[in-house]
Amino acid sequence: MPSTIRVRAVAAGDSTDVQALIQHPMDSGFVKDSDGKLIPPHYIEVLTFEHDGKVVFTALWGPAVAKDPYVKFAFKGGKSGDDLKVSWTDNLGKSDTSVAKIMG
Amino acid sequence: MRAGHLCRLAFAVAALPGLIGLTHAAAKADPAADQHAFQVYARSQFPAVPLADFGNGPYAVNAPMRKQWEEIMQFPPYDFALDEGKAAFEKPFANGRSYGDCFPNKGIGIRQTFPYFDTATGEVVTLDLAINRCREANGEKPLPYQTGLIASIDAYMAETSRGKPFDIKIPDDPRALAAYQDGKRFFYTRRGQLNFSCASCHVQAAGQRLRGDILAPAFGILAAFPIYRSDWGSMGTIDRRFTSCNSQVRSVPFKPQDKAYRDLEYFLSYMSNGVPITGPGARP
Amino acid sequence: MRPATILAAAFGVVLCGTLANAATQAEAAAALAAAQSAEAEAGHLRNQWLPTEAELKTAQAAMTAGDFDAALAAAQRAEALARQSVEQSHEQDKLWSDAVIK
């Protein structure tokens, strides 16, 4: 199954800029389909970014986050060639993980 | 009824130029002259915008929107549709043939030539129509229009044409000229309870606000299709935008790929000859 | 007034009221037919409006529910909107070419 995570991390000075786009329906559970039935909630609950064994960013999401979420942040540390691990789990117990190399 | 009063006022205002224009003789259709005038108008409306940028619609004419767009384009929201479209395009049909067999150059780098006038059948053929005819010719069910897989395939084919200028031809055939004229007429005709034509927003009010949006000039407007529209949260084809625009002026829309819409796409694409393909695109 | 006269007057009012409702049903049906005919004309011209369709739906629902006053009112609004859309089409036949960029 192709990865749902696209990530780009660039080292800049003593910090690293990270952007990620995650493919996920992020159904709130409040929207009805064309037959009038509620689409059950299906959204990412936890998203983590790890560098050098430490969690550098955690997102605790819920139904208010829109489909195919995009996140951007910076963390202190990280250099070109390092691994950055991205993982998410959702309310239905599904998950995905991806490792990207920091560039720059 | 307030809406009624507004409409009567709109008719009165619209009728004024009509009184002045009554002495117009119906001129013979001259698409090349129309196109030249269309482009000159758009270039003079937005003198700082380079030709190639007209395919970027609102972002070409509004700096803060452009800044947001550039941020979004670091991770284009149509990326997933593009991947889906490429995979579908390359996968053979049940009979072993594939999309490439239906198009010149195996379907790669040809989006800028659509729509074209098919002199054999006497009608305008859009890319979406061609995709579904290809499917049907190879024993596959046609795809629903406007969004979903057909938009993803459009996205892939557009991506292979990125940067190639629109190159729409009007053959020397009275039926092609008639289709062009129909499209031109549709573009300038007011419709719906709100009494707007395409030109009302995309010529006269181009670059201005319509609620929270910036109106794109009509020149080059189709170059970015199919688009991921944040408003939709999904991909949409030219059909999708035509039907939704019609609904928005409270006109009952036609079915996707209706002759009126294909002729309109023909006119608009021809007007935009020279503007490079910027699709697939992202819009607010 | 004598009770019998009052009774007769009251009966007369009630009878008139009933007759007025019956007239409205035929009127409502006629208004709906007129509105649909106007909308069909707009359809031939390929220039129908969404609010016309909405009012026609409202009129039909009211007819089904037996609310003929509401059906009549909605049908009349629908016909007015349909006629405006037909007028718009005829006007635009003459006016569209003035908007063309030359």
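The values are calculated or read from the model by the stated rules, or taken from the named source; none is laboratory data. Note that the structure is a prediction, hence the values are computed from the model and not measured. Cβ atoms come from the backbone with ideal geometry, glycine included; neighbour counts cover every protein chain shown.
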Inset, instruction - Considering only region B:105-130, state which residues are in contact (Cβ under 8 Å) with a residue 24 or more places away in the chain, part of a helix (DSSP H, G or I) and farther than 17 Å from B:PHE242 by Cβ. - result: B:GLY107, B:ARG111, B:GLN112, B:THR113, B:ALA130
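Output the strands (runs of 3 or more DSSP E) that fall wholly within region A:17-93 and possess 1 or more residues being of a type in the set (D, E, K, R) and over 23 Å from B:PHE75 (Cα atoms), or say none. Lay out the reasoning, then the answer.
Working: elements: A:44-51, A:54-60, A:70-76, A:83-90.
By residue number, A:54-60.
Pick from B:GLY139, B:GLY148, B:GLY207: which is out of contact with any Phe, Trp or Tyr (no Cβ under 9 Å at 6 or more places or on another chain) and at positive phi?
Details: B:GLY139 fails: out of contact with any Phe, Trp or Tyr (no Cβ under 9 Å at 6 or more places or on another chain); B:GLY207 fails: out of contact with any Phe, Trp or Tyr (no Cβ under 9 Å at 6 or more places or on another chain).
When all the criteria are applied, what remains is B:GLY148.
Only strands (runs of 3 or more DSSP E) wholly contained in region B:210-284 count here; list those with 3 or more residues that are more than 20 Å from B:PRO144 (Cα to Cα). Reasoning before the result, please.
Working: elements: B:227-229, B:234-236, B:281-283.
So the answer is B:281-283.
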Inset, instruction - Run B:GLN68 past the list (1) more than 14 Å from every other protein chain (Cβ to nearest Cβ); (2) surrounded by fewer than 18 Cβ atoms within 10 Å (Cβ to Cβ) and report the number of the one that doesn't hold. - result: (1)
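Go through region A:94-104 and give me each residue that's assigned to a strand (DSSP E or B) and either of a type in the set (Val, Ile, Thr) or under 11 Å from the mean Cα position of the chain (by Cα) (or both).
Here is the first cut: in region A:94-104, the ones assigned to a strand (DSSP E or B) are A:95-101, A:103.
Residues satisfying the conditions are A:SER95, A:ASP96, A:THR97, A:SER98, A:VAL99.
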Inset, instruction - Quickly run through region C:47-78 and pick out the residues that are among the hydroxyl-bearing types (Ser, Thr, Tyr) and closer than 30 Å to B:PHE187 by Cα. - result: C:THR52
Legend entry - Residue count, region A:1-16 (criterion: under 14 Å from the mean Cα position of the chain (by Cα) and part of a strand (DSSP E or B)): 5
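Of the residues that make up region B:130-149, is at least one outside the structural domain of B:ARG229 (by TED's automatic domain parsing), under 29 Å from A:LEU21 (Cα atoms) and of a type in the set (Ser, Thr, Tyr)? If you could, list the steps in order and put the result at the bottom.
Just the residues of region B:130-149 that are outside the structural domain of B:ARG229 (by TED's automatic domain parsing), to begin with: B:130-149.
Retained after the next criterion (residues that are under 29 Å from A:LEU21 (Cα atoms)): B:143-149.
From what's left, of a type in the set (Ser, Thr, Tyr): B:145, B:147.
Checked region B:130-149: at least one residue is outside the structural domain of B:ARG229 (by TED's automatic domain parsing), under 29 Å from A:LEU21 (Cα atoms) and of a type in the set (Ser, Thr, Tyr).
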Legend entry - Residue list for region B:124-143, filter: over 20 Å from B:THR160 (Cβ atoms) and buried (at least 18 other Cβ atoms within 10 Å of the Cβ): B:VAL124
Legend entry - Filtered residues of region C:37-66 (kept if within 14 Å of chain B (Cβ to nearest Cβ) and more than 17 Å from C:HIS90 (Cβ to Cβ)): C:LEU50, C:PRO51, C:GLU53, C:ALA54, C:GLU55, C:LEU56, C:LYS57
Inset, instruction - Determine the pairs where a residue that is over 21 Å from C:SER37 (Cβ atoms) and away from chain B (no Cβ under 11 Å), located within region C:74-102, has a partner that is modelled with pLDDT of 95 or more and surrounded by fewer than 22 Cβ atoms within 10 Å (Cβ to Cβ) with Cβ atoms under 7 Å apart, the partner being 6 or more residues away or on another chain. - result: none
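Looking at A:ALA59, A:ALA64, can you tell me which residue is within 19 Å of the chain's Cα centre (by Cα), in contact (Cβ under 8 Å) with a residue 12 or more places away in the chain and surrounded by 13 or more Cβ atoms within 10 Å (Cβ to Cβ)? If you could, list the steps in order and put the result at the bottom.
Numbers: A:ALA64 fails: surrounded by 13 or more Cβ atoms within 10 Å (Cβ to Cβ).
After ruling out the rest, the residue left standing is A:ALA59.
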Inset, instruction - Would you be able to say whether some residue in region B:188-196 is part of a helix (DSSP H, G or I), more than 10 Å from chain C (Cβ to nearest Cβ) and within 16 Å of the chain's Cα centre (by Cα)? - result: no
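Within region B:242-284, track down each residue that is of a type in the set (Asp, Glu) and buried (at least 24 other Cβ atoms within 10 Å of the Cβ). Show your work before the answer.
Initially, region B:242-284 is screened for residues of a type in the set (Asp, Glu), giving B:258, B:263, B:265.
Of everything in region B:242-284, those that are of a type in the set (Asp, Glu) and buried (at least 24 other Cβ atoms within 10 Å of the Cβ) turn out to be B:ASP263, B:GLU265.
From the set of residues in region B:160-173 that are buried (at least 20 other Cβ atoms within 10 Å of the Cβ) and not aliphatic (A, V, I, L, M), which is nearest to B:ASN273 (Cα to Cα)?
Within region B:160-173, the subset buried (at least 20 other Cβ atoms within 10 Å of the Cβ) is B:161, B:166, B:168.
Within this subset, residues satisfying the condition of being not aliphatic (A, V, I, L, M) are B:161, B:166.
Working: B:SER161: 14, B:PHE166: 5 Å.
Filtering region B:160-173 for residues that are buried (at least 20 other Cβ atoms within 10 Å of the Cβ) and not aliphatic (A, V, I, L, M), the one nearest to B:ASN273 (Cα to Cα) comes out as B:PHE166.
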